[in-house]
Amino acid sequence: MSEIVFKHDTMKSWLGHVMAYVLNEAIKGKEFQGFKLVEGRSVRKYTSEDDILKVLKDKGFEENLLLKPVELLGITAMEKLVGKAKLEEFVGNYIVKLPGNPTLVPESDKRQAISSDVLSTLNLAERSMMRKSEKEL
């Protein structure tokens, strides 16, 4: 089982190339038994936010209900704006680094392994599953 997991990245990359090739060929008109070419997930988009805002305000909707609240830049963008050291100096006590999701890597990886005590104490496996299910929502 370890050998398969160890080769995961290579297999995933190879399969990605195969899928890209098949998709490209299907777009060119080639048919593959058991598969068909369909339109993927589409995204709706406003053509003119200003016009939509004007029309809805004219219809009696309040502007503050139609617009998203202003939000802070993300940490990386804020570091670029303020400077990494200055941001740490000014507001470092308001920034926390949460543990990353557990991930399986080869033993040669330089990161320290998560001990079973830490894993059960922090309940990382449960949090990982919660994060995954939140992304799927």
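The values are calculated or read from the model by the stated rules, or taken from the named source; none is laboratory data. What you see is a predicted model, and the numbers here were worked out from it, not measured in a lab. Methodologically, a virtual Cβ is constructed for each residue, glycine included, from the backbone with ideal geometry; neighbour enumeration extends over all protein chains shown.
The table below gives the values:
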{"read-out": "Residue count for segment 88-121, restricted to those that are farther than 30 Å from Thr10 by Cα, modelled with pLDDT of 85 or more and not aromatic (Phe, Trp, Tyr)", "value": "8"}
{"read-out": "Flag if Leu124 is at pLDDT below 90, loosely packed, with under 10 Cβ neighbours inside 10 Å and hydrophobic (A, V, I, L, M, F, W, C)", "value": "no"}
{"read-out": "Of the criteria (1) in contact with a helix residue (DSSP H, G or I) (Cβ under 7 Å, 6 or more places away or on another chain); (2) aliphatic (A, V, I, L, M); (3) loosely packed, with under 10 Cβ neighbours inside 10 Å, which one Leu53 fails", "value": "(3)"}
